[in-house]
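**Student:** Got a structure for you, questions after.
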Amino acid sequence: MGVSFYNFTELHNDEFKTQIKQRINDIVDKNAFIEGEYNTRFEQRFAQMQKAKHCALVANGTDGLEIALKVAGVKAGDKVGCPGISFFASAEAIITVGAEPVFIDVSPETGLMDPESLIRVTQQHTLKAIMPVHIYGLGAPIKALNKLCEERAIEIIEDAAQGQGGFLEDSPIGGSGHLTVFSFYPTKNLSAFGDAGAILTGDDEENETIRQIRNHGRSAQGHALSGVNSRCDSIQAAVLDLKLEKIEQYNQQRKQVAKWYHERLKEIPVQLMPAQYLETSSWHLYPILTGDGNERIRLQTHLNNNAIGNALFYNKSLPEEKPLMNFKGEKEQARLFAQKALCLPMNPFVTQSQVDEVYNVLKSFYF
Ligand SMILES: *Cc1c(COP(=O)(O)O)cnc(C)c1O
């Protein structure tokens with residue numbers, strides 16, 4: 001039968017299609033293409049959902065990271081700590097603003113930035129900021145990182161591109177008050193019909209600056225600074241605002257799928273994400289860790305042969321990517337982690353019997 005990795009047919013079902021077409025017609029009738037009423041509505045509701053004071057929509061997550069770095073005062077020549085396990089855009093945004101990524105190693109269990117590695121790296125490098133990533137939707141250890149960064153006057157910009165609906169130790173992701181950046185790329189938990197992103201912050205002044213930068217530095221009194229064009233289209237905002245109705249339900253369904261996997265895969269000799277994340281992760285992805293890279297390649301072939309959707313997030317650690325190879329820092333755990341991680345089908349519509357099917361295919365590989 002097979003199990004697909006994503007399920008856009010269910011996500012964009014007939015009911016959703018009817019509703020979104022009405023909204024798009026309405027936008028066309030009103031000629032309100034950029035930063036319209038849906039933008040304002042979505043910004044307010046998304047800030048509420050993530051328990052942040054402010055939310056500003058931008059054109060995509062990568063722009064969001066760049067703008068957040070600028071707002072945090074990161075300038076050319078500064079060093080910014082970045083985990084070795086993330087999507088390329090995390091390190092890329094640091095380079096685009098003229099700064100230098102310095103790799104902080106990750107926990108071998110989760111791929112999240114390791115505070116112990118941060119301590120060691122700061123003995124070698126003066127960091128202006130760090131960019132913890134809530135990879136797979138797991139909350140990075142923000143409390144521990146916060147303490148270390150406060151002692152060292154280091155800014156924190158959270159990459160929450162995969163974290164819509166996820167939780168830190170004691171608040172939703174985005175509720176820490178830090179600059180926190182989300183992506184609404186079509187495969188993310190909350191997704192647009194193309195590119196979109198958002199920056200959350202607890203600071204009024206930062207929020208104003210973000211709003212100026214995203215729109216060519218415009219302020220009420222003319223151009224206050226030289227910014228960029230990173231406005232969000234009304235159509236994307238209308239899609240996001242409509243999808244907010246269901247995001248909590250869909251994230252609950254993802255959590256249920258993660259729990260089914262966690263229960264079912266106990267006897268399979270692969271490493272699962274620690275049980276402490278079952279309730280808090282946004283479960284954007286469901287990674288398992290194989291024994292080594294060789295085993296992962298063979299397992300992937302077996303899954304493909306049995307039509308079980310899967311993906312390598314990430315095939316290589318960031319420091320192994322050609323444009324990032326010469327940057328310094330600690331990289332070893334990220335390298336090993338990237339060889340072992342393989343993601344199983346995860347979306348709100350995976351059923352218990354599909355989890356059983358994945359389990360049976362894994363069982364036939366290992367036993
Ligand atoms: C998707 C993603 C981004 C980039 O977001 P875009 O909207 O595609 O620019 C950045 N970081 C991580 C961890 C991501 O998953």
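**Student:** Report the full-extension gain for the segment ASP29 to GLN124: residue separation times 0.36 nm, less the Cα-Cα distance, to one decimal in nm.
**Tutor:** Working: separation 95, 0.36 × 95 = 34.20 nm, distance 5.84 nm.
Value of the extension gain: 28.4 nm.
**Student:** With springs only between Cα atoms under 10 Å apart, run a GNM on the chain and tell me which of ALA341, ALA196, ALA224 wobbles the most.
**Tutor:** Greatest mean-square fluctuation among the candidates belongs to ALA224.
**Student:** Let me ask another. Just to check, using Stokes-Einstein with a Kirkwood Rh over alpha carbon pairs, what's the diffusion coefficient of the chain at 20 °C and 1.002 mPa s in µm²/s?
**Tutor:** Details: Rh = 21.1 Å.
Answer, rounded: 102 µm²/s.
**Student:** Considering the chain as a Gaussian network with a 10 Å cut-off on Cα pairs, which listed residue, ASN207, ASN251, ASN13, attains the greatest mean-square fluctuation?
**Tutor:** Its mean-square fluctuation being the largest, the pick is ASN13.
**Student:** So if each residue of separation counts as 0.36 nm, and I subtract the Cα-Cα distance between PHE193 and ARG298, what length gain in nm does that give?
**Tutor:** Roughly 34.3 nm would be gained on extension.
**Student:** What number, in percent, do you get for the relative contact order of the chain if the mean sequence gap of Cα pairs under 8 Å and at least 6 apart is divided by its residue count?
**Tutor:** On the way: 770 pairs, mean separation 84.9, N = 367.
Contact order relative to length: 23 percent.
**Student:** Which percentage, to the nearest 5, of the DSSP beta bridges contained in region 128-252 is antiparallel? Display every interim value, and only then the final one.
**Tutor:** On the way: 8 of 14 bridges.
Antiparallel bridges: around 55 percent, rounded to the nearest 5.
**Student:** In terms of modelled amide H atoms, which long-range or inter-chain residues lie less than 5 Å from the amide H of SER282?
**Tutor:** Distant-sequence amide H within range of SER282: LEU138, GLY166, PHE167.
**Student:** Another question, then. Relative to 2.2 N^0.38 Å, what does the C-alpha radius of gyration of region 24-172 come to as a ratio? Two decimals please. Walk me through the numbers before you get to the answer.
**Tutor:** Working: Rg = 16.9 Å, N = 149, 2.2 N^0.38 = 14.7 Å.
Cα-based Rg divided by the globular estimate yields 1.15.
**Student:** Turning to a different aspect of this structure: Working only with C-alpha atoms, what are the Rg and Dmax values of region 168-274, expressed in angstrom?
**Tutor:** For region 168-274, the Cα-based Rg and Dmax read 18.7, 64 Å.
**Student:** When the chain is modelled as a GNM with alpha-carbon springs shorter than 10 Å, which of PRO132, PRO108, PRO83 fluctuates the most?
**Tutor:** Per the Cα network of the chain with a 10 Å cutoff, PRO108 tops the list.
**Student:** Follow-up question, since we're still on this one. Counting just the Cα atoms, what span does region 215-367 cover along each of its three principal axes? Round to the nearest Å and put the largest first.
**Tutor:** 70, 45, 31
**Student:** Would you mind checking the pairs LYS51/LYS143; LYS21/LYS188; LYS128/LYS328; LYS17/LYS188; LYS147/LYS266 and listing those with alpha carbons more than 23 angstrom apart?
**Tutor:** Working: LYS51/LYS143 17 Å; LYS21/LYS188 21 Å; LYS128/LYS328 15 Å; LYS17/LYS188 19 Å; LYS147/LYS266 35 Å.
Violating the 23 Å Cα-Cα cut-off are LYS147/LYS266.
**Student:** Describe numerically, in nm with one decimal, the distance between label points set 7 Å from Cα along Cα→Cβ at ALA76 and at GLN19.
**Tutor:** A separation of 4.8 nm, rounded to one decimal place.
**Student:** Of all DSSP beta bridges in the chain, what percent run antiparallel (nearest 5)? Walk me through the numbers on the way to the answer.
**Tutor:** Details: 22 of 37 bridges.
Just about 60 percent of them are antiparallel.
**Student:** Per DSSP H run of n ≥ 4, the term is -39500 (n - 2.57); total these for the chain, divide by its residue number, and report the mean residue ellipticity at 222 nm rounded to 500 deg cm²/dmol.
**Tutor:** Values: 12 runs with 152 residues, N = 367.
Result for the chain, helices only: -13000 deg cm²/dmol.
No value in this document is a laboratory result; all are computed from the given coordinates. Bear in mind that the values here come from a model prediction, so they are computed numbers and not experimental data. Here the Cβ is made from the backbone with ideal geometry for all residues, glycine too, and neighbour counts use every protein chain on show.
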